Amino acid sequence: MTPEHVDVLIVGAGLSGIVAAWHLQQKCPDKRYAILEGRASIGGTWDLFRYPGIRSDSDMFTLGYSFRPWTHEKSIAEGPTILNYIRQTASENGIDQNIRFHHCVLHAAWSSQDARWTVQAARGETKDAVSFTCNFLFLCSGYYKYEEGYTPEFKGIENFKGEIVHPQKWTEAIDYANKRVVVIGSGATAVTLVPEMAKTAAHVTMLQRSPTYVVARPGSDTLAIKLRKRFGARFAYQAIRWRNVLFGMYFFQLCRRKPERAKQLLLGGVKLALGKDYDVKTHFTPSYNPWQQRLCLVPDGDLFRSIRNGRASVVTQHIDSFTDKGIRLQDGSELEADMIVTATGLNLQVMGGMSLAVDGKAIEPAKLMSYKGMMYSDIPNLATATGYTNASWTLKCDLTCEYVCRLLNHMDRRGYRSCVPRQTDPSVTEAPWLDFTSGYVQRAVAKFPKQGSKRPWKLYQNYVLDIVSLRFGRIDDGVMEYS
Ligand SMILES: Cc1cc2nc3c(=O)[nH]c(=O)nc-3n(C[C@H](O)[C@H](O)[C@H](O)COP(=O)(O)OP(=O)(O)OC[C@H]3O[C@@H](n4cnc5c(N)ncnc54)[C@H](O)[C@@H]3O)c2cc1C
């Protein structure tokens, strides 16, 4: 059977896949596109994660789409509200009509002779093999494995008599009321779970190997609410979005240039929230500088409140082993628990776990260099939507989608069928894709494409520089080869 052909094939119907489709509809209205989604529904991350309290850890004025004002009261929003926002965007724009659910993409092969990709997917529970062809492949497949999260090997884990849950596998049936809970971890998921579970659990202990920077921010933005009432949703959204972008950039630069000052500010906030008798040095003072790993944001200081009122506590210790009653720590003490939540992170994954080949040659992602943080050296007609690590994901995805549309329109105007970034400059050196020291990054970064030491191969993680490069930069820049 001849495979179905589309101009652009998008992989993934999460936050990024929907924004990609929106930009295509607006800027390349003649292009026929389809979205292949492995799961049964729209939303990606915001549909998968169902653990208590799931919410954004960046503000919705920057995590929201540039074209669709965020109008909810809360600026640090709950998962279901974000999911609703993504789904409404898809249905109001007819994007949902173009999604093929239960299509898990396994392989894509580029043929230079035909100037097209042939994409193989497994459909439905029976995993029927289906093929598509497309001129341009747009990967909006996120950055981690959906099947399971990361759990380190814990000695004696089989001995524990209570329940062990990974947040990525949370279901509504999980009951923690009146139970003694230990949450292992200190990242965004742990600091979200602890105050929420502490509302009904007997007690929640956050057990961390080492501390993370935690910063309290208001859950609602009073200025945004006032501006919205006075000037309307669109104006308020853009104004607060820019304020938040600029403040985020300023704070990131402060962390990188004056880490001691930034550290003082962050720890000062924690001391104020927890009181002078609390051991902030042991539990909330990381050994690294701010923004060498992601900061954890807690809306209205909910984590600190649950510690202050005694419903939650923090233990900073290495785990020796699991026992039948709980966890033995390396100092010999034991934490008893009825339930253990392993908020130990994600398993990062490159390009939605699919394999790629170009003209019959298998591609190793680790050997590629990323171009403008969205395409790859020697890979024609393919882009990925990846967000920032130091700011909201959507900011970069929106720009990437704009750029892809500009590229497609440029190719149409000139009659080109393919475009491929070529790295020919011998002075460009390689660097890891991400410079975060976090475990989940370090575990996987070797498998990821590299970035280069200078433009257009360097990842600046800077929204303003990316606006210049992606919205206004030359499409024909001497690096992108067209044919
Ligand atoms: C718990 C949690 C909280 C987060 N909070 C924030 C936050 O506050 N701010 C922020 O900026 N970022 C946050 N992030 C990062 C977050 O993942 C992004 O903000 C954003 O949701 C990513 O959207 P996406 O569409 O690119 O990827 P995803 O949400 O991961 O969606 C990818 C989609 O692609 C599909 N897919 C993947 N591979 C294939 C394949 N081979 N074939 C078919 N379909 C495939 C998946 O099923 C999924 O539907 C958070 C992440 C997590 C896990």
For this session: List every residue whose amide H lies under 5 Å from the amide H of A201, counting only residues 5 or more places away in sequence or on a different chain, with H placed 1.01 Å from N in the peptide plane.
Result: N178
Exercise. Relative to the present Cα-Cα distance, how much length would full extension add between K169 and D324 at 0.36 nm per residue of separation?
Worked result: 53.6 nm
Seminar exercise, completed: Taking only C-alpha positions in the chain, Rg and Dmax in angstrom work out to 23.2, 72
Exercise. How high is the FRET efficiency from E430 to K27, r the C-beta distance, R0 45 Å, rounded to 0.05?
Worked result: 0.85
Exercise. In this model, which of K74/K169; K169/K229; K27/K74; K31/K372; K155/K179 are farther than 29 Å apart at the alpha-carbon?
Worked result: K169/K229; K27/K74
Exercise. Between H5 and residues 5 or more places away or on another chain, which pairs have amide H atoms under 5 Å apart, with H built 1.01 Å from N, and which residues are they?
Worked result: T133
Seminar exercise, completed: So for the stretch 1-76, using the alpha carbon gyration tensor with a ≥ b ≥ c as root eigenvalues (a/c under 1.5 gives rounded; past that, a/b versus b/c decides prolate or oblate), I'd call it oblate
For this session: Check every DSSP H run in the chain and write down those whose alpha carbon atoms cover 24 angstrom or more along the long axis and whose mean Kyte-Doolittle hydropathy is -1.0 or greater.
Result: 233-257, 393-414
Seminar exercise, completed: In nanometres, the difference between 0.36 nm per residue of separation and the alpha-carbon distance of R474 and Q88 is 135.6 nm
Exercise. Which shape class applies to the stretch 225-363: rounded if a/c is under 1.5, otherwise prolate when a/b exceeds b/c and oblate if not, where a ≥ b ≥ c are the square roots of the Cα gyration tensor eigenvalues?
Worked result: oblate
Exercise. Roughly speaking, what is the centre-to-centre gap between the stretch 1-46 and the stretch 79-110 when only Cα atoms are used, to the nearest Å?
Worked result: 7
For this session: Output ³J(HN,Hα) for the stretch 476-481: one whole-Hz value per residue in order, computed from phi by the Karplus curve 6.51 cos²θ - 1.76 cosθ + 1.60 with θ = phi - 60°, and x for Gly and Pro.
Result: 9, 9, x, 9, 7, 9
For this session: Please give every one of the aspartates and glutamates within straight-line cross-link reach of K271, meaning a C-alpha to C-alpha distance under 20 Å, and leave out same-chain neighbours fewer than 8 residues apart.
Result: E260, D279, D300, D302
Exercise. Can you run phi through the Karplus equation (6.51, -1.76, 1.60; θ = phi - 60°) for the stretch 295-302 and list ³J(HN,Hα) in whole Hz, with x for Gly and Pro?
Worked result: 6, 9, 9, 10, x, 6, x, 4
Exercise. What trypsin sites (Lys or Arg not before Pro) in the stretch 101-146 are in a loop by DSSP, with at most 16 other Cβ atoms within 10 Å of the Cβ?
Worked result: K127, K145
Seminar exercise, completed: Cross-link reach from K396 to aspartates and glutamates, straight Cα distance under 17 Å and at least 8 residues apart if same chain, gives D57, D59, D466
Problem set entry | Placed amide H near K458: partners under 5 Å, 5+ positions off or other chain | K372, G452
Exercise. Do any trypsin sites (Lys or Arg not before Pro) in the stretch 217-281 lie in a loop, going by DSSP, with at most 11 other beta-carbon atoms within 10 Å of their beta carbon, and if so which?
Worked result: K276
Exercise. Computed over the Cα atoms, what is the radius of gyration of the stretch 341-455 divided by 2.2 N^0.38 Å, N being its residue count?
Worked result: 1.17
Seminar exercise, completed: Scan of the chain for GluC sites (Glu not before Pro) in DSSP loops with at most 13 other beta-carbon atoms within 10 Å gives a longest site-free stretch of 173-483
For this session: Could you estimate the translational diffusion coefficient of the stretch 403-483 from the Stokes-Einstein equation, with Rh from the Kirkwood formula over C-alpha pairs, at 10 °C and 1.306 mPa s, in whole µm²/s?
Result: 109
Problem set entry | Mean separation of Cα contacts under 8 Å (6+ apart) over length of the stretch 77-145, as relative contact order % | 19
Problem set entry | Phi-based couplings in Hz for the stretch 166-176 (Karplus 6.51, -1.76, 1.60; Gly and Pro marked x) | 9, x, 5, 10, 5, 10, 4, 6, 6, 10, 10
Exercise. Across 5 Å bins from 0, what is the distribution of all Cα-Cα pair distances for the stretch 17-147, in whole percents?
Worked result: 2, 9, 17, 20, 19, 15, 9, 6, 2, 1, 0
Exercise. So which aspartates and glutamates pass the test for K361, namely a Cα distance under 16 Å, with those fewer than 8 places away in the same chain ruled out?
Worked result: D114, D378
Problem set entry | Loop sites in the stretch 1-98: chymotrypsin sites (Phe, Trp or Tyr not before Pro), DSSP, at most 14 other Cβ within 10 Å | F67
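No value in this document is a laboratory result; all are computed from the given coordinates. Here the structure is a predicted model, which means the values were calculated and not measured. In this analysis, Cβ positions are derived from the backbone assuming ideal geometry, glycine residues included, and neighbour counts consider all displayed protein chains.
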